[in-house]
Amino acid sequence: MAIGITLLALLLIGAPVAIALGTAGLIGLFSMGGWHFAELAPGKVFNGLNIFPFLAMPFFILAGEIMNHTGITSRLILLAEALVGHFRGGLAHSNMVASVFFSGITGAATADAAAFGRTLVPQMVAQGYSRPYACAVTAAGSIIGPTIPPSGLMVLYGSLMGVSIGGLFATGILPGLMICVVCMIIIAAFGKRKNLPKAEQRASLKRILRLTRESAFALVMPLLILGGIVSGIVTPTEAASVAVAYALIVGALIYRNLRWHDLFHMLVHTARISAVIYLIIGAATIFGWWLSFNQIPQAIAAGLLSLTSDPQMVLLMIIGFLLVVGMIMDINAMLIILGPVLVPLTQQIGMDPLHAGIVFVLALNISLMTPPVGACLFVLSSVTGERLENISRELMPFLLGEVALLLFFAFNPQITLFIPRLLGY
């Protein structure tokens with residue numbers, strides 16, 4: 001109990017997640033066996049990080065950094081606007097479609113939110129959208145990126161839980177596309193009430209074809225990654241390194257706007273992002289080992305199963321628990337700490353590992369846009385200067401729609417697993 005209070009107290013006072021987890025874990029080890037147990041911490045950290053698929057994360061991050069630098073973001077936005085900009089709320093629809101296109105580049109919600117917060121949000125405000133609404137649309141669409149492959153969160157989940165990363169990538173395609181569709185329906189439904197602007201005329205077919213040709217190199221990247229994994233030609237880690245090589249070729253030889261100086265800064269930024277993730281993983285490994293040693297995951301699972309034996313009710317409680325905890329905790333730390341607790345519970349109620357994986361990923365992604373500590377909300381607030389509460393108010397219809405979509409995929413495994421089954425997973 002004291003360990004949990006220590007962790008919560010450190011998080012509430014604003015301590016970095018890695019520091020909070022590491023401190024709580026070390027206190028837990030010391031309480032179990034003094035310095036002899038505490039001395040096990042470095043080995044636990046190393047073992048927690050010594051997982052080959054973890055190498056995929058910095059490669060995917062670097063590939064996204066390189067593709068962003070080539071100016072592909074503006075090309076994708078122009079293509080999305082040409083396709084759907086003529087509808088009422090055209091730029092809001094374009095934001096969603098661009099998020100689908102952008103998903104193959106970064107695989108991270110906060111990166112998408114930051115990129116669109118600097119580009120699309122000012123455009124939307126200039127065309128007459130309120131800034132809180134423009135930020136809300138961007139936040140709602142930002143979770144498409146880590147749902148459609150490649151996804152850093154799926155790499156982490158698959159590595160930790162022993163689930164096929166390629167299978168998770170395939171499972172994320174349909175939910176990611178459906179998030180886009182649901183959000184566009186919400187935009188259309190409120191379009192007249194909010195008097196959203198629309199373009200005066202459609203883009204010509206010639207313009208659409210030209211923009212498609214200019215954006216083709218970015219659109220091909222997710223197909224290259226997923227195709228290589230599904231066909232068995234490369235592992236997820238190798239696919240990530242292929243993505244970096246592809247991005248370098250596109251930037252240096254196709255667009256010719258990639259310089260050595262720029263590459264150095266991109267490597268530094270990639271190292272910083274990766275280091276933060278790995279620090280959290282390493283610290284959470286200590287805390288997770290303390291949980292396992294004291295059989296706390298088994299106790300929580302037994303407690304939940306004692307409340308009900310109905311698999312659907314158990315699944316509903318898991319989803320509710322993830323969404324509530326996601327309001328106050330970093331999603332990487334959540335996955336590392338709660339994964340060993342809740343994933344065995346999904347196995348006990350007979351869930352397919354891929355089905356359980358996408359439910360976890362969707363719930364964790366949605367928590368990125370839930371107040372009070374949703375990472376995407378903070379990114380958009382810092383980039384645009386808009387207040388968090390204003391963004392949160394406009395975000396509510398999208399949040400409810402995405403939670404409803406999460407429940408749909410959670411309770412319809414045949415639909416959820418259609419694409420991975422089609423691809424042989």
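The values are calculated or read from the model by the stated rules, or taken from the named source; none is laboratory data. No experiment lies behind these values; they were computed from the predicted model shown. Ideal geometry is used to build each Cβ from the backbone, glycine not excepted, and the neighbour counts take in all protein chains shown. Accessible surface is based on the protein model in full, side chains and every heavy atom, while ligands, DNA and RNA are left aside. Shrake-Rupley method; radii C 1.70, N 1.55, O 1.52, S 1.80 Å.
Listed values, structure above:
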{"read-out": "Relative contact order %, the chain, counting alpha carbon pairs below 8 Å whose residues are six or more apart", "value": "25"}
{"read-out": "Computed over segment 156-315, the ratio Rg/Rh where both radii use C-alpha atoms and Rh is Kirkwood", "value": "1.08"}
{"read-out": "The chain, accessible surface, carbon-and-sulfur percent (1.4 angstrom probe)", "value": "68"}
{"read-out": "Computed Rg/Rh of segment 1-143, alpha carbon atoms with Kirkwood Rh", "value": "1.19"}
{"read-out": "Relative contact order for segment 78-190, counting Cα pairs under 8 Å that sit 6 or more residues apart, in percent", "value": "29"}
{"read-out": "Label-point gap, in nm, between S382 and S231 - each point 7 angstrom along Cα→Cβ", "value": "4.0"}
{"read-out": "Top of G104, G152, G43 by mean-square fluctuation, Gaussian network on the chain, Cα under 10 Å", "value": "G43"}
{"read-out": "Principal axis dimensions, segment 47-87 - Cα atoms, whole angstrom, descending", "value": "53, 22, 9"}
{"read-out": "Listed residues A20, A239, A216, most fluctuating in the chain (Gaussian network, C-alpha, under 10 Å)", "value": "A216"}
{"read-out": "Along the chain, longest interval not containing exposed GluC sites (Glu not before Pro), exposed being DSSP loop plus at most 12 other Cβ atoms within 10 Å", "value": "201-425"}
{"read-out": "Per residue solvent-accessible surface (Å²) - the chain, probe of 1.4 Å", "value": "43"}
{"read-out": "Rounded to 10°, Cα long-axis angle of helix 311-325 versus longest principal axis of the chain", "value": "80"}
{"read-out": "Eligible aspartates and glutamates near K198 by straight Cα distance, threshold 16 Å, same-chain separation 8 or greater", "value": "E81"}
{"read-out": "Taking all pairs of distinct alpha-carbon atoms in segment 282-323, Kirkwood radius in angstrom", "value": "11.5"}
{"read-out": "Shape category assigned to segment 246-370 from the gyration tensor of Cα positions, a/c cut at 1.5", "value": "prolate"}
{"read-out": "The chain - mean residue ellipticity at 222 nm from DSSP helices (-39,500 (n - 2.57) per run, n ≥ 4, rounded to 500)", "value": "-25000 deg cm²/dmol"}
{"read-out": "Ordering of 346-358, 163-175 by burial proxy (mean other Cβ atoms within 10 Å per residue, highest first)", "value": "163-175, 346-358"}
{"read-out": "Exposure rank, largest accessible area first [M317, M334; 1.4 Å]", "value": "M317, M334"}
{"read-out": "Spin-label proximity, F264 to segment 43-78 - amide N less than 13 Å from point 7 Å beyond Cα toward beta carbon", "value": "none"}
{"read-out": "Mean separation of Cα contacts under 8 Å, 6 or more apart, over the residue count of segment 220-367: relative contact order %", "value": "21"}
{"read-out": "Three semi-axes of the equivalent ellipsoid, segment 10-57, Cα gyration tensor, whole Å, largest first", "value": "22, 19, 5"}
{"read-out": "Intensity falloff of segment 294-425 expressed as log10 I(q)/I(0), Debye formula with alpha-carbon point scatterers, at q = 0.16, 0.17, 0.19, 0.23 Å⁻¹", "value": "-0.86, -0.94, -1.09, -1.36"}
{"read-out": "Solvent-accessible surface ranking, highest first, for D262, D112 at 1.4 angstrom", "value": "D262, D112"}
{"read-out": "In segment 164-208, the trypsin sites (Lys or Arg not before Pro) that fall in loop regions by DSSP, at most 12 other Cβ within 10 Å", "value": "K192, R193"}
{"read-out": "Using alpha-carbon coordinates, inclination of helix 331-348 to the longest axis of the chain, degrees", "value": "70"}
{"read-out": "Trypsin sites (Lys or Arg not before Pro) restricted to segment 218-312 and DSSP loop, no more than 15 other C-beta within 10 Å", "value": "R256, R259"}
{"read-out": "Two-decimal ratio, the chain, of alpha-carbon radius of gyration to 2.2 N^0.38 Å", "value": "0.98"}
